[in-house]
1. I'd like the residue in segment 220-236 that is at pLDDT 85 or above and under 20 Å from ALA108 (Cα atoms) and, out of all such residues, is surrounded by the fewest Cβ atoms within 10 Å (Cβ to Cβ).
2. I'd like the full set of residues that are outside any helix (DSSP H, G or I) and either of a type in the set (Gly, Ala, Ser) or closer than 22 Å to ASP289 by Cα (or both), limited to segment 117-132.
3. Tell me which of these ALA250 doesn't satisfy, since it passes every other one: (1) over 13 Å from MET178 (Cα atoms); (2) open to solvent by 10 Å² or more (accessible area, probe 1.4 Å).
4. Just to check your reading of the model, which residue among LEU239, LEU199, LEU217 is open to solvent by 50 Å² or more (accessible area, probe 1.4 Å) and of a type in the set (A, V, I, L, M)?
5. Filter segment 121-139 down to the residues that are farther than 25 Å from ARG90 by Cβ and either small (Gly, Ala, Ser) or touching a strand residue (DSSP E or B) at 6+ places or on another chain (Cβ under 8 Å) (or both), then identify the one that is surrounded by the fewest Cβ atoms within 10 Å (Cβ to Cβ).
6. Would you tally the residues in segment 253-278 being closer than 23 Å to LEU189 by Cα, assigned to a loop (DSSP other than H, G, I, E, B) and of a type in the set (A, V, I, L, M, F, W, C)?
7. Name the residue that is nearest to ASP142 (Cα to Cα), counting only residues in segment 25-63 that are in contact (Cβ under 8 Å) with a residue 24 or more places away in the chain and open to solvent by 30 Å² or more (accessible area, probe 1.4 Å).
8. Mind listing just one residue for me: the one in segment 168-196 that is small (Gly, Ala, Ser) and more than 21 Å from LEU285 (Cβ to Cβ) and, of those, surrounded by the fewest Cβ atoms within 10 Å (Cβ to Cβ)?
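The values are calculated or read from the model by the stated rules, or taken from the named source; none is laboratory data. What you see is a predicted model, and the numbers here were worked out from it, not measured in a lab. For neighbour counting, all protein chains shown are included, and Cβ atoms are generated from backbone atoms with ideal geometry for every residue, glycine included. Note: accessible area is taken over every heavy atom of the protein model, side chains too, but ligands, DNA and RNA are not part of it. Shrake-Rupley method; radii C 1.70, N 1.55, O 1.52, S 1.80 Å.
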Amino acid sequence: MLREDWYLRDRLKLRHLQILVTLASVRNLSQAARLLHTTQPALSKALGELEKMLGVSLFERLPKGLAPTAHCLGIVERAREVLGSLGRMREDLDAVDAGADGVINVGANTSATALLLPHIILRIKSLLPGVTVRVHDGAFEDLMAGLRANRLDFLLGRFHAAEHLDNVENIGLFNIRMVAVCANGHPILKRRRATLAQLAQWPWILPPGDGITRRGLELIFMEAGGAPPRFGVECASVLANMVIMQNSRALAVAALPTATLFASSGQLSIVPVTLPPVFGRISLLHLRDRALHARDKLFMDCVQNVSAQLGESYLK
């Protein structure tokens, strides 16, 4: 049975939380001891203290490691949140010492927000020059873990798995239009209007994983009567995709503003085909139960205002 709150507040230390989070991640005492710069016996003793303090077993001891119990899985995210909040507090203190206005950490799907996010950053920097904006790119699962652990303040992008997440405020901004792109001089450009079936005849650079763009492409090709073509390349990097396309017959998809930017500079061409609107919307995510700093509220205002101004460029 879990101890009373007063008992935990009196006895629980940050070291206990660090031990809990590390062991839950690596699931091995000797490896965790190395990461925490301690000995295995000392770590085992501290874990025993934590389990006695909580009144529950946190890990099942196995011949080749540890397996977190249901109690461990139920509280480890809270431990990550506490440690993440302390890290953010350190950032705020450093900002005060430097005479700055703090830090905003944004997790972004940069392939979808390549033009939107820079304008948001420029807007908030014009209103709050001392603020530091840190942009973190990555897979949705990693970004969401950072948001829940208080390492990130916001997520910006297209996130198909974010519709029904607990304690996550999902602010829809605008739908996004995706287009097919290819190298200049690609044979598909000889057609005045290409069809989906004709697109399927060429190799494709596909988005990795199970994201919303990948799902959208698979749906489009299935409705056209076939499976998505394969090229053996799965890549989310816009620049890497551009170099691959310039040296092959591969096609890819890109958000309309990004494609327009590269097409206007003569680096790529937009294929004359209309892709169905199955690629979702740009959204801003944040935790509902996290207190918003004044700079966070200003950032949200900037997101809304810039989205209202630039949203149409993602659709035309």
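1. Among residues in segment 220-236 that are at pLDDT 85 or above and under 20 Å from ALA108 (Cα atoms), the one surrounded by the fewest Cβ atoms within 10 Å (Cβ to Cβ) is GLU234.
2. Within segment 117-132, just GLY130 meets the criteria.
3. Tallying (1) over 13 Å from MET178 (Cα atoms); (2) open to solvent by 10 Å² or more (accessible area, probe 1.4 Å), ALA250 fails exactly one: (2).
4. Within the list LEU239, LEU199, LEU217, the selection yields LEU239.
5. SER126
6. Applying the first criterion (closer than 23 Å to LEU189 by Cα) to segment 253-278 yields 253-277.
Okay, now just the ones that are also assigned to a loop (DSSP other than H, G, I, E, B), so 265-268, 271-277.
Then drop every residue that is not of a type in the set (A, V, I, L, M, F, W, C), which leaves 268, 271, 273, 275.
Number of matching residues: 4.
7. It comes out as ARG27.
8. Here the residue is GLY185.
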